[in-house]
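Beneath this line is the structure, given in structure tokens, with notes to follow.
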There are 2 protein chains.
Amino acid sequence: MLSRVQVKQIREKAYEYFEKVHIVLTNEEIESIEVADFGLDDIENTGLELLTYVNTDRYCAKEMVLFPHQTCPEHCHPEISGNAGKQETFRCRYGRVFLYVDGEKTPDPYCKAPKGSEQCYSVWREIELHAGKQYTIEPNTLHWFQAGEEGAVVSEFSSHSDDESDIFTDPRIKRIPEIDN
Amino acid sequence: MLSRVQVKQIREKAYEYFEKVHIVLTNEEIESIEVADFGLDDIENTGLELLTYVNTDRYCAKEMVLFPHQTCPEHCHPEISGNAGKQETFRCRYGRVFLYVDGEKTPDPYCKAPKGSEQCYSVWREIELHAGKQYTIEPNTLHWFQAGEEGAVVSEFSSHSDDESDIFTDPRIKRIPEIDN
């Protein structure tokens, strides 16, 4: 579990990435950057730093940071109470992000699954995004992503976001952040 | 009506603003920046430069440029065939944008309506956005906006966008761009 001090340090590090691409945030936003370790206690390898700009019942926009080789683990966004699952578009702003989705396995993919979690990564069609490139993920589609060696800043545009309903391949994962007080 | 040469020049000028804030676009995107003069043939005063990243039936994301004191004229997004009108969030990335919405008139507003079109601007509650600030416009709400003296770059996150259904206060306005071949 992350301590408050660790969360603060990681937020500061994430903000340095936003600064690299001249993304201006208010102080309140900087302090609300979400640090997700997915309950695996291995944030350097499996984790995500994100800021939600807006999340109405119709659309959502977020800005995400991945540190070098950091992975957002495999998951999908299922239908909820008869409503279509989340549809989302990732647009890379800085660095490179390697997105993996269902389909024919890419021979010799750039990324490796985080050590010890290999069995929780099942989709291997690789889509490489560098700054200015984007890709849209349809609802209920398994996907995961990992930053390249420089880390990455990625904008996410989507339908309404409801993290609690995400289904992760790794049964140990809890999406809702925990902080040690 | 804008000539192809004028459109090209305006696109290049708009791209300079995107570069100021390190927004990376592909060459194809640069060439598809929409130059909207709203059929008024006065783009320096009434106009908007915009790039649509994605527009699915659920959400939309655009990046907009306004040159110094350029105005996007008053309009609203009505209900379409029983579906709620467009809801949209403007987030300022560079410069200042002055947004005007329905409500108590702001005494001594920063902006003036474009000359000759004063009667087509009816809402005067001013919301000033500088880099890092955002505001959400509810459906079917009259609004217009104008950049400050440095121009502005503004991200728009929204529900599905259908420009053809916008209702402008100025009856002379045609939203669909015309280019002189």
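Miscellaneous remarks
- Residue-level accessible surface for A:Lys8, protein heavy atoms, 1.4 Å, Å²: 120
- Estimated D of the protein assembly as shown in µm² per second, where Rh is the Kirkwood radius over Cα pairs and Stokes-Einstein applies at 4 °C, 1.567 mPa s: 60
- Theoretical FRET efficiency, 1/(1+(r/R0)^6), r = Cβ-Cβ of B:Lys112 and B:Ser165, R0 25 Å, to 0.05: 0.30
- Total accessible surface hidden between A and B, rounded to 100 Å², 1.4 Å probe: 2400
- In nanometres and ascending order, the distances from the B:Pro107 label point to those of the other copies are 7.5 (point 7 Å from Cα along Cα→Cβ).
- Shielded residues, the stretch A:127-160 - accessible-area loss of 50 Å² or more between chain alone and all protein chains, probe 1.4 Å: A:Phe157
- Each label was represented as a point 7 Å from its Cα along the Cα-to-Cβ direction; for B:Asn83 and B:Gln119 these points are 3.6 nm apart.
- Computed log₁₀ I(q)/I(0) - Debye formula, equal Cα scatterers, no solvent, chain B, q 0.11, 0.12 Å⁻¹: -0.44, -0.52
- The largest accessible area among B:Glu104, B:Glu74 belongs to the first residue in B:Glu104, B:Glu74, and the rest follow in falling order (1.4 Å probe, all chains).
- Accessible-area loss of 30 Å² or more (1.4 Å probe, protein heavy atoms, chain alone versus all protein chains) is found in the stretch A:52-97 for A:Tyr53, A:Val54, A:Arg58, A:Tyr59, A:Gln87, A:Arg91, A:Arg93.
The values are calculated or read from the model by the stated rules, or taken from the named source; none is laboratory data. The shown structure was predicted, so the numbers you read here are calculated from the model rather than taken from an experiment. Heads up, the Cβs are rebuilt from the backbone with ideal geometry, glycines too, and the neighbour counts pull from every protein chain shown. Surface areas here come from the heavy atoms of the whole protein model, side chains and all, with no ligands, DNA or RNA. Shrake-Rupley method; radii C 1.70, N 1.55, O 1.52, S 1.80 Å.
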